[in-house]
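The values are calculated or read from the model by the stated rules, or taken from the named source; none is laboratory data. Please read these numbers as outputs of a predicted model, since none were measured by experiment. A quick note on method: Cβ atoms are made from the backbone with ideal geometry, for glycine too, and the neighbour counts reach across all protein chains shown.
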Amino acid sequence: MATRQPTGPKHRRKRYCDIKATSLEEIRVTAERHITNIGKTLADLIDNGDYTESDLFYINMFRDTWADLRDDVTEMLAQPKKPESPTAQSPGWPFPTGAPPKQNFVYVIQMTESERGWGQRPDGYLAFENHKDLKAYIHKETKDRKADQVPDEYVIYDDIGIKECCPEFMAKLQAAGRGNVYFDSLEQLKTGELK
């Protein structure tokens with residue numbers, strides 16, 4: 001009966017290649033170094049005549065893999081820098097620095113009105129400068145609801161996360177002075193036009 005090998009950081013095998021790159025440029029340089037070393041190994045094997053067809057296949061495969069990585073990273077480095085935007089993780093995803101990037105981003109609630117006998121209908125959006133205010137607003141509006149009772153009329157507040165907006169929209173949100181601004185369509189985040 002085979003015994004199971006221990007796993008985890010304490011029992012992990014020593015890594016053959018320990019790359020601790022912190023940038024794309026470091027990855028590109030590391031790939032270039034490995035391509036050079038593989039080329040030297042291949043030359044030594046050929047000079048010594050100490051190789052098989054299988055050795056050549058695998059060495060070429062390793063070299064080509066590193067070359068592909070180098071080429072991909074070189075292409076990524078050549079592309080114009082895009083502003084970092086939040087990922088599409090859970091709504092209100094916290095930024096690593098604790099604050100959103102300098103671009104214009106807002107936290108958005110999508111509202112849906114529900115009325116007994118009439119169903120549901122979209123009821124617009126609210127934008128907030130920060131997630132804390134958004135959560136406080138939802139709490140304030142829903143705190144008196146009872147879990148075992150459904151009222152005849154109510155609004156569903158759906159935190160749909162962080163959305164990029166134009167500077168005009170952000171200026172209107174800040175000028176509103178109440179921490180949020182109502183709008184009808186997500187398109188208005190791009191145009192800044194509010195009714």
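Check whether at least one residue in the range 54-67 is modelled with pLDDT under 70, of a type outside the set (Phe, Trp, Tyr) and within 28 Å of the chain's Cα centre (by Cα), and report yes or no. No, the range 54-67 contains no residue that is modelled with pLDDT under 70, of a type outside the set (Phe, Trp, Tyr) and within 28 Å of the chain's Cα centre (by Cα). Among the residues of the range 79-116, those that are modelled with pLDDT of 80 or more and either assigned to a strand (DSSP E or B) or loosely packed, with under 10 Cβ neighbours inside 10 Å (or both) comprise PHE105, VAL106, TYR107, VAL108, ILE109, GLN110, MET111, THR112, GLU113, SER114, GLU115. Tell me which residues, restricted to the range 55-77, are touching a residue at least 24 places away in the same chain (Cβ under 8 Å) and among the aliphatic types (A, V, I, L, M). ALA67, LEU69, VAL73, MET76, LEU77, listed by residue number.
Of all the numbered requirements in (1) of a type in the set (A, V, I, L, M, F, W, C); (2) in contact (Cβ under 8 Å) with a residue 60 or more places away in the chain; (3) in contact with a strand residue (DSSP E or B) (Cβ under 9 Å, 6 or more places away or on another chain), CYS166 misses one, and that requirement is (3).
Conditions tested, residue by residue: (1) at pLDDT below 90; (2) surrounded by fewer than 16 Cβ atoms within 10 Å (Cβ to Cβ).
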| residue | (1), (2) |
| --- | --- |
| TYR125 | no, no |
| LYS140 | no, yes |
| ARG145 | yes, yes |
| ASP152 | yes, yes |
| PHE169 | no, no |
| LEU173 | no, no |
| GLY179 | yes, no |
| ASP184 | no, yes |
| GLU187 | no, yes |
